[in-house]
Amino acid sequence: MPLPDPLVELIAHRFRVLGEPARIKLLDALRSGPATVGELAGRLGLSQQNTSKHLGVLATAGGVVFAGALDRRYSAYDAGTGEKLWSVGLPEVPNGTPISYSINGKQYIALIAGYGSPSTNTWPGLVPEITLPPVRSSAVFVFALP
């Protein structure tokens, strides 16, 4: 049974550092099990773009999940086992939902990293041991997959 909107609003207000109402609704919906962005968006009355913004991960049809972290690492995981397959350090914090695309049969993963996301604006106060870059900038990173 989903949380009622007034309770979602109260939780969002009390824990605003963790997100906003849409993010709490998404976390609540995911308690019942995995779902695609389209399924979550339809179930919660959100746009797919807004839903993706809050999740910030990319799951591929090949069973690989790409995700970034506040420590400036961007990693790929096996969706079935959770095993880390690949990781790279970035000069900025990954802060958006990555995309995957193909050119002439070669697959690429692209992401935005830098200041401006909820992560870079709220989490540093909670984890001061993870220092953010001194220059507030943003960049697009693209990785070719093997």
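Summary of values
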{"quantity": "Residue within segment 80-90 that is modelled with pLDDT under 90, part of a strand (DSSP E or B) and over 11 Å from the mean Cα position of the chain (by Cα) present", "calculated": "no"}
{"quantity": "Only one of 70, 90 that is in contact (Cβ under 8 Å) with a residue 12 or more places away in the chain and out of contact with any helix residue (DSSP H, G or I) (no Cβ under 6 Å at 6 or more places or on another chain)", "calculated": "90"}
{"quantity": "Residue identified as of a type outside the set (Val, Ile, Thr), assigned to a loop (DSSP other than H, G, I, E, B), surrounded by 13 or more Cβ atoms within 10 Å (Cβ to Cβ) and modelled with pLDDT of 80 or more among 35, 67", "calculated": "35"}
{"quantity": "Yes/no for residue 42 being surrounded by fewer than 17 Cβ atoms within 10 Å (Cβ to Cβ) and of a type outside the set (D, E, K, R)", "calculated": "yes"}
{"quantity": "Qualifying positions in segment 1-17 - part of a loop (DSSP other than H, G, I, E, B) and either modelled with pLDDT of 75 or more or surrounded by 14 or more Cβ atoms within 10 Å (Cβ to Cβ) (or both)", "calculated": "1, 2, 3, 4"}
{"quantity": "Residue among 61, 22, 76 that is among the aliphatic types (A, V, I, L, M), surrounded by 13 or more Cβ atoms within 10 Å (Cβ to Cβ) and either modelled with pLDDT under 90 or not in a strand (DSSP E or B) (or both)", "calculated": "22"}
{"quantity": "Matching residues in segment 38-57 - criterion: being in a loop (DSSP other than H, G, I, E, B), over 18 Å from residue 112 (Cα atoms) and of a type outside the set (S, T, N, Q)", "calculated": "45, 46"}
{"quantity": "Count - residues of segment 91-105 that are part of a loop (DSSP other than H, G, I, E, B) and at pLDDT below 85", "calculated": "6"}
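Residues checked against (1) among the small types (Gly, Ala, Ser); (2) out of contact with any Ser or Thr (no Cβ under 7 Å at 6 or more places or on another chain); (3) within 22 Å of residue 115 (Cβ to Cβ):
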site	(1), (2), (3)
11	no, yes, no
32	yes, yes, no
64	no, yes, no
97	no, no, yes
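The values are calculated or read from the model by the stated rules, or taken from the named source; none is laboratory data. As the structure is a prediction and not an experimental result, all values here were calculated from the model. Virtual Cβ from ideal backbone geometry, glycine too; neighbours counted across all protein chains shown.
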